[in-house]
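Undergrad: Sharing a structure here in structure tokens format.
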Amino acid sequence: MRGGKTGRCHRGGVDSESGSFWHNSRAKITFSAKVPRGVVLKAETTNGDIHARDLNSVVEADTTNGSVDVSTSEWASGRTTNGHVDVTIGKPVEWRA
């Protein structure tokens, strides 16, 4: 909180009460969510990390400038323009020809 004004989280993003709240400040927002088994998680950020660990659902994680760290028992994709990607998916499957 800055200057007595709070930010607000809603579907589609985060807004501040004042147009100048985010300008010239170094705010960091951390979201934590429990993802039920089978629910697809789509996580996107422009500048920051994405950590989605020990999930049991499909995960799509994208960031422009940050790291992606995902582990799930299902399928997953991770993409970044500038950062590190670490994705662990499913259990090893024996493939037979």
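Undergrad: Considering T80, T88, which residue is assigned to a strand (DSSP E or B), buried (at least 18 other Cβ atoms within 10 Å of the Cβ) and modelled with pLDDT of 90 or more?
TA: Unique residue meeting the criteria: T80.
Residue-by-condition table, conditions (1) assigned to a loop (DSSP other than H, G, I, E, B); (2) open to solvent by 80 Å² or more (accessible area, probe 1.4 Å); (3) of a type in the set (G, A, S):
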position	(1), (2), (3)
A33	yes, yes, yes
V39	yes, no, no
A43	no, no, yes
N47	yes, yes, no
A52	no, no, yes
E60	no, no, no
V70	no, no, no
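The values are calculated or read from the model by the stated rules, or taken from the named source; none is laboratory data. Predicted model, so just to flag it, every value in this text is computed and none were measured. FYI the Cβ positions are ideal-geometry reconstructions off the backbone, even for glycines, and counts take in every protein chain you see. Ligands, DNA and RNA are stripped out before the accessible areas are found, and what is left, the full protein with its side chains, is counted by its heavy atoms. Shrake-Rupley method; radii C 1.70, N 1.55, O 1.52, S 1.80 Å.
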